[in-house]
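This report concerns only the one structure given below.
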Amino acid sequence: MDNASKLSAAESGGAIETRGIEPVPDHERHGRVRELFPTWVAANISVLLLTMGAALVVFNKLNFWQVLIVAACAALASFGMVGVLSVSGKWGGAPGAMLSRATFGVRGNLFPGAILWVARFGWETINAVTGAYAVLTVLDLVFGIKSNTPLIVVTLFAFVACTFLVSGMGRKALNVCNKWSTYLFGIFSVLVLVYLIANIKWDDVFSKPAGTTAMMIAGIGTIAAGGISWVPTGPDFARYLPHAASGKKIVGATLSGAGIVMVPMVLMGGVMAVATPDLAEAPDPVSFLGDILPTWLAVPYLITAIVGMLLINSLSMYSAGFTAQTMGVKLPRAMAVSINAIISLVGGLLLMLVAKSFLSSFITFLILLAVSFSAWIGVYAVDMARRKSRAVRYDAEALMDTGRTSRYWYVGGFCWQAMTAWAVALAAGICFTQCDWFTGPLASTFVGKYGLGWAATIAISALIMAVLPAPREVSAVEATDAAADDSERVKVGA
């Protein structure tokens, strides 16, 4: 067996995935669309959704029916985009960060890639902190061990270390973990739902007055932010699907997997907030579960939630490894993940030991997160729509070529149309943004007041990309001539 055959066998049959950012060849595309369902269920197994639902009641002053509408709309908007853009993973067989080179250019891709990478650090830090708080709550409920600084450090370190190990194993290991965590979390979520139905004072829940339309629309953006952060990494989990896989089924599996968890979890959080009105001042997003649920239910539920949050961070770090490699980090994917792990640990310690209110910090982060990802989404979506009718939608060899010979070199390594649309939309989105420590100059406009900065950012980037002249990819002959000219200039200069 030659080296290429050995590598192929390792990629397709090994328990630990060694493939990095290089596109998956057709003969290794053995994935199935139905595998996406547990993947996106697992991506939403987080008590943070309870926290988000509670925030809709505590901060946005919404009632039960408004929370339900907000959750459904947020799931449809965010994971609908995840599903649609995931189809490009099937087309190109590569991670989203890699396919983005075809959109922004070999060098241009580094700029939005850096923003997405930094934003993902924040998301992984938030998840790690939530997981650590869940562990601390379990220790308190079962053993009466109270939180202290050394215990916080040890707990957070253990959670991040486990995340690093699981994410390093790759796609197959994650698929197995996702499948079983989906079953376990589903069972305990149903038990929690039954308990709430039987014990919550529903008169208090349904008597709560309705909030304003503005707060409903703003709430959609807050809840959707988590899903929006998954859009650039959607192709990562579809790249092993064969070309014949149905795009509609990809969208359906993504949307149903996320929605089946997201909507009831957000709604449960809203119901719980009625019984815990001081949730906004709580130092962490988890301990209130011990006050609402009996120990026999709270402990196993939190344990399954810990596993779920570990998987969420593992999925995120799995994709972050690809982003790091695309950014030029010369490490295998599994080792590239270590950069994110270290940053999550440091950031998590600051959030747990320094920040006064987790919930307010979290909401601020979600607002900024949505805008930072939205500028990329609009540009990428238009570029993807243009590629739909092409026979060769993505050139695998050109994606790996970072020199002037690449088909995606454009002008000096930059696709100026994509870069212009992205930069203008990102600046506009920031101007519409208002959070605890920053108020943009356009925050008082209709878009700003209604929390639609993320939607405006997507629309602006897509519109500019669409009206600018379609980018012209470099042909193989032009690329070869350009490389020859460079070589000749070097000789003359010498």
Go through the stretch 354-379 and report how many residues are modelled with pLDDT under 80 and assigned to a helix (DSSP H, G or I). 9
Counting only residues that are at pLDDT below 90, in a helix (DSSP H, G or I), within 24 Å of Thr51 (Cα to Cα) and polar (S, T, N, Q), how many does the stretch 138-173 have? 2
Residues (assigned to a helix (DSSP H, G or I) and within 21 Å of Gly93 (Cβ to Cβ)) located in the stretch 380-409: Tyr380, Ala381, Asp383, Met384, Ala385, Arg386, Arg387, Ala396, Glu397, Ala398, Leu399, Met400
Is one or more of the residues making up the stretch 20-27 at pLDDT below 85 and acidic (Asp, Glu)? yes
Step by step: first the residues of the stretch 32-43, then only those that are open to solvent by less than 10 Å² (accessible area, probe 1.4 Å) and at pLDDT 85 or above, then the one that is farthest from Ile250 (Cα to Cα). Which residue is that? Val41
I need every pair where a residue in the stretch 62-88 that is within 30 Å of Pro242 (Cα to Cα) has its Cβ under 7 Å from the Cβ of a residue that is crowded, with 24+ Cβ neighbours inside 10 Å and hydroxyl-bearing (Ser, Thr, Tyr), sequence separation at least 6 or different chains. Phe79/Thr254; Val82/Thr254; Gly83/Thr254; Leu85/Tyr380; Ser86/Thr254
When the residues of the stretch 410-441 are narrowed to those that are open to solvent by 70 Å² or more (accessible area, probe 1.4 Å) and part of a loop (DSSP other than H, G, I, E, B), which ends up farthest from Phe111 (Cα to Cα)? Asp436
Spans of helices (runs of 4 or more DSSP H) in the stretch 22-134 with at least 3 residues closer than 27 Å to Pro469 by Cα and under 20 Å from the mean Cα position of the chain (by Cα): 64-92, 96-104
Find all pairs meeting these conditions: Cβ atoms under 8 angstrom apart; at least six residues apart or on different chains; first residue within the stretch 290-310 and under 23 Å from Val274 (Cα atoms) and at pLDDT 85 or above; second residue open to solvent by 30 Å² or more (accessible area, probe 1.4 Å) and of a type in the set (Val, Ile, Thr). Thr295/Val142; Val299/Val142
If you scan the stretch 230-249, which residues turn out to be in a helix (DSSP H, G or I) and buried (at least 24 other Cβ atoms within 10 Å of the Cβ)? Val231, Pro232, Thr233, Gly234, Pro235, Asp236, Phe237
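The values are calculated or read from the model by the stated rules, or taken from the named source; none is laboratory data. Predicted, not measured: the structure shown is a model, and the values here were computed from it. Cβ atoms come from the backbone with ideal geometry, glycine included; neighbour counts cover every protein chain shown. These area figures cover heavy atoms from the full protein model, side chains too; ligands, DNA and RNA do not enter into them. Shrake-Rupley method; radii C 1.70, N 1.55, O 1.52, S 1.80 Å.
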